[in-house]
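Structure first, then comments.
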Amino acid sequence: MSTTTASPWNPPKARLAAEDSGEAIYAGFWRRFSAYWLDAVLVNVISFAITFGLVTMKPGFDLLATLVGIALAWLYYSLMHSSSRQATLGKMAFGIKVTDLEGERISFLRATGRHFAAWVSAVLLLVGFVMAAFTERKQALHDMMASTLVVRKDASPEEAAAGSGTMKLTWGVWVMIVLLGPLPMWGGIVAAISIPAYQDYLSRSKMVEVVATGNAAKSAVQQFHAKNGKLPATLEEAGFVQPMSPNVGATRLSVQGPKVVIGVMPRGMPPSVGEGEVLFTADAANPVTWTCSPGGIKSRFLPPNCRS
């Protein structure tokens, strides 16, 4: 007479006997919650470092930095869940892993689907995550969408029935909540404040070079006029040499009625700086006193004497 062993990976019609050594022990909500926060701290710290590096290397890389952050999280979760360990570092720390409905390792493609399905769980005011506390097999919404389970890796049915490790987990959860829980939130706040502020600082420091170029050009025009009694036709005639700088574009000289105008075009600035030239204006008949104005550049990126 043949015997049939109940599959622990499918919903049981009746409670499986504890002595069945193949019984699956589904990971509870708090274990998953704690593992999630560990992973969130790790991913956010690395993502912040990469994002900060990108935007400091090249202002205007905000979109690229965002895409890099998304790709980093995708590769981390998908590669780890589809690896031989079937778990992220956070899940390893709490002794849980991801399987398919038969208890087997999931593919990278399924892990990818599960990762982006978690976005749906998050969009629904995190209800999709909370479902893991109430569903029969402790599945969150994204587990159901990807046909996956999160199970205890090493605990035996006897340990689960006796509540082994419950107090230890509880204390671990509270430590995680108090010490590490706020870190992803604070990391996001710090990133939201510090990255734009640092970009503004870089833009202002580069704009100093633009203003210095204008000062050099106006000095050349002033000296030419003092020597020759007339304005030069071009800046080159005045002896001005255009600097080879990645931050300074074209520098021009023009006469507009009774005024002589020097315009210096910034280069490689993010859109937040504005568009246009920094303008230096003087009396064409006596170009001694010059006025610096922002043109189309936002005043806050310029030195105080150019904000009028």
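The values are calculated or read from the model by the stated rules, or taken from the named source; none is laboratory data. In this text, all values refer to a predicted model and were calculated from it rather than measured experimentally. When we count neighbours, we look across all protein chains shown, and the Cβ atoms used for this are built from the backbone with ideal geometry, even at glycine.
Total residues in segment 216-241 satisfying the condition of being under 30 Å from Pro270 (Cβ atoms) and touching a residue at least 24 places away in the same chain (Cβ under 8 Å): the figure is 5. For Pro243, the requirement of being modelled with pLDDT under 95, farther than 16 Å from Ser205 by Cα, in contact with a helix residue (DSSP H, G or I) (Cβ under 7 Å, 6 or more places away or on another chain) and buried (at least 19 other Cβ atoms within 10 Å of the Cβ) is not met.
Filtered by the rule that a residue be assigned to a helix (DSSP H, G or I) and either buried (at least 16 other Cβ atoms within 10 Å of the Cβ) or acidic (Asp, Glu) (or both), segment 73-88 gives Ala73, Tyr76, Tyr77, Ser78, Met80, His81.
A count restricted to segment 128-156 and to residues that are of a type in the set (Phe, Trp, Tyr) and either over 31 Å from the mean Cα position of the chain (by Cα) or modelled with pLDDT of 95 or more (or both) stands at 1. When you go through Ala132, Ala111 one by one, which is the residue that is within 12 Å of Tyr77 (Cα to Cα) and in a helix (DSSP H, G or I)? Sole residue among the options that is within 12 Å of Tyr77 (Cα to Cα) and in a helix (DSSP H, G or I): Ala111. Scanning segment 91-147 for residues that are on the phi > 0 side of the Ramachandran plot and free of Cβ contacts under 8 Å to residues at least 60 places away in the same chain yields Leu125, Leu126, Ser147. The set of residues from segment 252-305 being closer than 25 Å to Ile195 by Cα and polar (S, T, N, Q) comprises Ser272, Ser299.
Any residue that is within 30 Å of Pro196 (Cα to Cα) and either in a strand (DSSP E or B) or among the small types (Gly, Ala, Ser) (or both) - is there at least one of those in segment 218-229? No; the residues of segment 218-229 include none that is within 30 Å of Pro196 (Cα to Cα) and either in a strand (DSSP E or B) or among the small types (Gly, Ala, Ser) (or both). Taking the numbered list (1) at pLDDT below 90; (2) in contact with an Asp or Glu (Cβ under 8 Å, 6 or more places away or on another chain) in turn, Val68 passes all entries but (2).
Restrict the check to segment 48-65 and report whether at least one residue is farther than 30 Å from Arg267 by Cβ and surrounded by fewer than 16 Cβ atoms within 10 Å (Cβ to Cβ). Break it down into steps so the answer makes sense when it comes.
First, pick out the residues of segment 48-65 that are farther than 30 Å from Arg267 by Cβ: none.
So far as segment 48-65 goes, no, none of its residues is farther than 30 Å from Arg267 by Cβ and surrounded by fewer than 16 Cβ atoms within 10 Å (Cβ to Cβ).
The strands (runs of 3 or more DSSP E) located wholly in segment 239-293 that include 2 or more residues which are touching a strand residue (DSSP E or B) at 6+ places or on another chain (Cβ under 8 Å) and closer than 13 Å to Thr213 by Cβ occupy 248-256, 259-266, 278-283.
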